[in-house]
Structure formats: C-alpha cells, structure tokens
C-alpha cells in the first residue's frame, strides 16, 4: 500500500492554469477509474473536488477538471484564484480492495 | 444536511486502547459504506479502514491491521473504530467520511477527533 506520488508543491499566478500529477501503479490508478481529488485549506477537513477521474460534485467550479493517462492522474485548475490556495490530495481504489492517498501537493497562488 | 461528528479522541499511553465514534445524520446511513481516514500533525491523509453498508465487509490499511477494528450500528447511525495496542505513530486527527455510492471517494467528512499516543 505505497502512497501515490504527488509533487510537494506547485504555484501559479491568478488567472493561470496549474496541473497537479498523481502517479500510481497498474494496481491502482492505472487499472481503476476510482481516482478522486480533495482540497484541504489549512485547519479544515478535506473537500471532494473530483471523483471517478473526471466527475465534479455539484458546487465545485468547472475550473477544476480531472484526467488520467496510464498510471498517472491529473488535476487541472484553470483561471487560478487566491481562494484555490490549499493542499490537494489524490486517492485511488486499489487491487487489494483498499484505498490509497497521495502525499499531497501544496498549491501557492502567487 | 449531512453531518458527521466524531468523538472519543484523547491522550493515551503507548499500548493503550481508545474507541472512536462517529454520529451520522442527514442521510440514510445504512445504505452507504463508511471510512476512517487519519492525518498526523503536519502530514498527509492516510486511509485507515472501510466498512460496507451492512457491515459484512471490512478492509484495513496494513499499518493498523490486527490492532484496529471498524464497526457500525445502523439503527443508531453510528460508526466506530476500536483502536488497541496504540503506538506513537498512531497520533493523528481521525476523520470519519461517507463513501460516495461505491466510488471509493468521500463526499462528506467530519471535523475529526484528535488521538495523541504519548507517555
């Protein structure tokens, strides 16, 4: 149950786009479309932003989008806003019928 | 509206036990799988355990297998986590989270209960 690999940090200016990667293996990300993304501002509980690779829950802005290629999933945030600054975590279902998270990525809006 | 309220956290010595609970409301608890996820201070999220809607299937992270037991009481809308043989690296904020219709994503999270394992 090794954690999924995310970059420790990414940054962008308001209005720009940023993409966060999440690399797993053929036992998790590569073989299942049960990849989700969470936003966690400091001191708060995680918030679901994307589920099943590409789906947005109601209320999540369409600036947030998800995709996958092979063993790597991606979260793209377009039209970056100051309120997007937070930690972001990916997660995936695994072949062991368990759940694994990424190490998290800190997004800084410059 | 959906609410998840965890309780039972506290300070415990290494080797000790603690039982966490999560009171659920605002949805039909008995029809959803539930998860426990923890976050050590300053660290990332770590999945702990999952239980299916009827309690028939339970899954655990390797780090807690054999020490933690997840359970649920559907008539009382309550999720539990019995934690035994606690270690300092179990120190974390423990969240309960509702599964999103079998997608292994969680659309609702509680605010967490803090467990500190220290002598």
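The values are calculated or read from the model by the stated rules, or taken from the named source; none is laboratory data. Just so it is clear, the structure is predicted and the values come from calculations on it, not from any experiment. Neighbour counts are summed over all protein chains in view; Cβ atoms, including those assigned to glycine, are modelled from backbone coordinates with ideal geometry.
The single condition among (1) at pLDDT 95 or above; (2) under 28 Å from residue B:59 (Cβ atoms); (3) touching a strand residue (DSSP E or B) at 6+ places or on another chain (Cβ under 6 Å); (4) within 11 Å of chain B (Cβ to nearest Cβ) that residue A:67 does not satisfy is (4).
Looking only at residues of the range B:89-107 that are buried (at least 22 other Cβ atoms within 10 Å of the Cβ) and within 9 Å of chain A (Cβ to nearest Cβ), we find that the one that is nearest to the chain's Cα centre (by Cα) is B:95. Across the range A:77-92, the number of residues qualifying as surrounded by fewer than 22 Cβ atoms within 10 Å (Cβ to Cβ), at the interface with chain B (Cβ under 10 Å from one of its Cβ atoms) and more than 18 Å from residue A:42 (Cβ to Cβ) comes to 0.
Quick one: would you say residue B:66 is over 28 Å from residue A:4 (Cβ atoms), surrounded by fewer than 16 Cβ atoms within 10 Å (Cβ to Cβ), more than 14 Å from chain A (Cβ to nearest Cβ) and modelled with pLDDT of 95 or more? Against the criterion (over 28 Å from residue A:4 (Cβ atoms), surrounded by fewer than 16 Cβ atoms within 10 Å (Cβ to Cβ), more than 14 Å from chain A (Cβ to nearest Cβ) and modelled with pLDDT of 95 or more), residue B:66 does not qualify. Set side by side, the residues B:39, B:82 differ, and just one is farther than 17 Å from residue A:99 by Cβ and in contact with a strand residue (DSSP E or B) (Cβ under 8 Å, 6 or more places away or on another chain), which is B:82. Among all residues of the range B:108-116, there is none that is in a loop (DSSP other than H, G, I, E, B), touching a helix residue (DSSP H, G or I) at 6+ places or on another chain (Cβ under 6 Å), under 29 Å from residue B:28 (Cβ atoms) and at pLDDT 95 or above. Here is a check on your reading of the model: is residue B:86 farther than 29 Å from residue A:50 by Cα and surrounded by 15 or more Cβ atoms within 10 Å (Cβ to Cβ)? So residue B:86 passes the test.
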